[in-house]
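Engineer: Got a structure here, written out as structure tokens. Questions coming.
No lab work stands behind these numbers, since they all come straight from the coordinates. Only a predicted model underlies this, so the values are computations on that prediction, with no experimental measurement involved. Because the Cβ atoms are built from the backbone with ideal geometry, glycine has one as well, and the counts that use them run over all protein chains shown.
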Amino acid sequence: MASTDDLQTRNQTALEHASGDTLLYELLSSAAENRSTHNLTLIADAYHFSERTFRDERRRSGKPLLDHAVAVAHILVNTNLGSTTVAAGLVHEAVENGLALPALREEFGDEVAELVEGVDKLKDLTFQAPQEELAEQYRKTLIAIAEDIRVVLIKFADRLHNMRFAVELDEQTRSQMAMESRDIYAPLAHRLGLARIRWELEDLSLKGLEPDHYNAIKEKIYLRRAERENLIEEVCGPLRDAIAKAGVDAALSGRPKNFYSIYKKMIRRRISFEEIYDLMALRIVVDTVQDCYTVLGLVHALYTPVMARFKDFIATPKSNMYQSLHTTIISPSNVMMEVQIRTQEMHQTSEVGIAAHWRYKEGGDATSELDEHMPWLRSLLDWESETKDPEEFIEDLKFDLFPDEIYVLTPNGDPVQLPFQATPIDFAFAIHTDLGLQCSEARVDGRIAPIETTLQTGNRIEIITSPDATPSPAWLQSTRSRKARAHIRRWIREQEEATRDFPRSVELLLTADDRDNLLIDLASTISGLGASIVSAELATENDQVTDRFTCRVRSAEALAQLENKVQGVRGITSVEVKHTN
């Protein structure tokens with residue numbers, strides 16, 4: 001208790017000393033409001049260090065560099081990060097040739113200095129760079145996430161503030177930043193569960209790339225604000241009463257959809273803004289998981305649900321840790337509205353993702369929870385260490401960052417999470433590599449379907465295998481999961497490597513019981529493997545045939561099957577394959 005009282009005393013002193021500096025005072029006040037355990041003295045020291053270090057430096061826009069550093073710190077505070085991370089965000093511009101200034105390391109220690117150095121090493125991510133350079137940038141980013149995610153979170157805060165003022169940059173730079181933010185930073189933010197940052201990056205990207213669409217959507221949303229508010233209250237009034245009668249503590253609020261999601265829906269469905277009705281989602285935050293399902297029952301008792309749009313992300317969380325119940329109802333005004341129900345902890349995770357679970361002892365060692373909360377990242381790191389081809393690495397990474405997901409079921413009813421537009425091939429590899437390699441057909445909801453069929457959430461999938469089935473290069477065109485694509489490519493490479501020494505000559509020695517059409521059946525079997533008979537020596541004695549064939553075999557697969565296929569011909573009693581070159 002004494003240490004807590006001491007921190008509060010020091011924090012109050014820091015606030016009093018900052019009262020004459022509006023920039024610092026607002027930052028400290030925000031930090032104290034967001035987290036009572038913030039060390040305001042450390043944050044203030046970092047602010048003063050930045051002020052001394054680059055007080056006269058300005059950005060390309062002409063604005064002070066210090067303003068940018070403070071804005072980055074505000075974003076980190078609002079992302080639920082601790083004092084050390086906020087301090088590093090304040091001084092992240094204080095680097096020389098990738099190394100923190102000696103004065104920075106001396107004043108704040110190794111932890112802050114290493115965070116600052118880590119941020120500087122993460123160059124801006126862009127799909128426009130050469131493949132080798134780009135792959136190396138992404139590898140560094142993935143490693144930084146695994147080693148200390150705070151480095152990447154500072155980088156996101158830096159990018160977000162840059163995007164907020166991108167209008168002050170030249171058109172080419174502005175467009176390039178907008179594309180990078182939309183195609184790389186926003187999907188990666190989604191993967192990390194940083195919903196607030198993702199939504200703002202998407203909207204700012206739309207503003208930079210499609211300003212006419214952005215402004216039109218913004219204006220129409222503003223004009224329909226009163227209509228949306230009335231709709232929310234129409235639903236909330238009876239629902240509040242029902243929840244109160246059930247004895248559940250709940251907070252109800254409306255959340256407008258972000259502009260970019262509306263724009264995507266218009267483009268994807270080829271509809272106008274006026275045809276979109278679910279512009280607002282009703283969010284209900286409760287105390288416990290049991291309360292979530294209780295409130296769901298109350299919602300469905302009061303309003304007609306659209307069952308095809310119900311999703312239980314509590315029972316099956318998304319890969320970025322997101323949990324919530326989603327249902328869509330028909331309001332009394334006959335308008336569809338999405339309702340999201342979650343606990344306070346789930347709500348915190350939905351807003352700031354991994355930052356809600358990442359805990360640091362101030363001044364002590366960091367404890368990683370990535371393996372527990374983000375298994376996709378551990379899988380990605382394990383895979384990228386095996387992938388040497390930069391083009392394959394970048395291609396698969398784009399697929400892995402794709403934000404949408406579906407949930408399908410095994411024949412036993414177990415849920416399996418797959419990327420949007422996944423196929424039975426993706427499902428097979430998700431279950432087991434051998435299942436994918438021998439996949440020949442699939443049953444989707446009990447009916448035979450091509451293995452390239454696009455799956456939907458709720459489909460029940462059964463894979464039919466065949467020992468003769470092998471992956472095809474064409475599968476790469478229809479698969480969406482990194483695991484499936486990596487195993488298919490690996491199998492193709494192994495086959496190509498195995499066939500480099502082909503065609504190859506081999507001798508086929510066999511004995512058989514003499515019968516009619518024996519040679520015809522043998523020739524047919526051999527040619528069926530894509531091999532050809534170059535020469536043959538035949539001898540018959542006492543109804544026993546001894547044959548020596550010289551064959552030209554064109555692939556490793558054919559060579560591997562040759563002995564067994566010939567052994568299966570009726571009358572054959574022994575087979576031996578000898579390599580001649």
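Engineer: Run lengths n ≥ 4 of DSSP H only: what is the helix-derived mean residue ellipticity at 222 nm for the chain, with -39500 (n - 2.57) per run over all residues, to the nearest 500?
Structural biologist: The per-residue figure over the chain is -16000 deg cm²/dmol.
Engineer: Follow-up question, since we're still on this one. Please give the net charge around Arg460, taking every other residue with its beta carbon less than 13 angstrom from that of Arg460, where Lys and Arg add +1 and Asp and Glu add -1.
Structural biologist: -1
Engineer: Apply the a/c threshold of 1.5 to the C-alpha gyration tensor of the chain and tell me whether it is rounded, prolate or oblate.
Structural biologist: Verdict is prolate for the chain.
Engineer: Provide Met179, Met321, Met337 in ascending order of the number of other Cβ atoms located within 10 Å of each residue's Cβ, fewest first.
Structural biologist: Going from least to most buried by this count: Met179, Met321, Met337.
Engineer: With a 10 Å Cβ neighbour count serving as the proxy for reagent exposure, in which order, fewest first, do His579, His92 appear?
Structural biologist: His579, His92
Engineer: A further question follows. Add +1 for every Lys or Arg and -1 for every Asp or Glu among the other residues with Cβ under 14 Å from the Cβ of Asp287, and state the total.
Structural biologist: Combined, the nearby Lys, Arg, Asp and Glu give -2.
Engineer: For a quick check: sort Leu231, Leu519 by the number of other beta carbons within 10 angstrom, fewest at the front.
Structural biologist: Leu519, Leu231
Engineer: Next question, about the same structure. Report, in whole Å, the centroid distance computed from the Cα atoms of the stretch 196-248 and the stretch 468-539.
Structural biologist: Centre-to-centre (Cα) distance: 60 Å.
Engineer: From the Cα gyration tensor of the stretch 220-354, with a ≥ b ≥ c the square roots of its eigenvalues, which class applies: rounded if a/c is under 1.5, or else prolate if a/b is larger than b/c, or else oblate?
Structural biologist: Verdict is oblate for the stretch 220-354.
Engineer: Further question on the same structure: Give me the number: length gained by fully extending Thr470 to Glu171, i.e. 0.36 nm times residue separation minus the C-alpha to C-alpha distance, one decimal in nm.
Structural biologist: This chain segment gains 102.7 nm when fully extended.
Engineer: Compute the signed sum of charges (Lys and Arg +1, Asp and Glu -1) over the other residues within less than 12 Å, Cβ to Cβ, of Leu206.
Structural biologist: -1
Engineer: Now a separate question. Once fully extended, how much extra length lies between Gln544 and Glu563, figured as 0.36 nm per residue of separation less the alpha-carbon to alpha-carbon distance?
Structural biologist: 4.9 nm is the gain from fully extending Gln544 to Glu563.
Engineer: Hey, another quick one. Over the Cα atoms of the stretch 404-497, what is the Rg over Rh ratio if Rh follows Kirkwood?
Structural biologist: Result: Rg/Rh = 0.95.
Engineer: Here's another thing I want to ask about it. ³J(HN,Hα) across the stretch 256-265 via Karplus (A = 6.51, B = -1.76, C = 1.60, θ = phi - 60°), whole Hz, x for Gly/Pro?
Structural biologist: Ordered by residue, 3J(HN,Hα) equals x, 5, 6, 4, 5, 5, 5, 4, 4, 5 Hz.
Engineer: Which of the three applies to the stretch 2-210, rounded, prolate or oblate, going by the alpha-carbon gyration tensor with a ≥ b ≥ c and a/c under 1.5 meaning rounded?
Structural biologist: Prolate.
Engineer: Hey, rough spin-label estimate for Leu101 and Ala301, points 7 angstrom out along Cα→Cβ, what's it come to in nanometres?
Structural biologist: 6.4 nm
Engineer: Using the per-residue mean of other Cβ atoms lying within 10 Å as a proxy for protection, in what order, highest first, do the peptides 341-350, 51-60 fall?
Structural biologist: Answer by packing, highest mean first, reads 341-350, 51-60.
Engineer: Next question. Using alpha-carbon pairs under 8 Å, 6+ residues apart, how would you state the relative contact order of the stretch 457-581 in percent?
Structural biologist: In percent, rounded to a whole number, it is 30.
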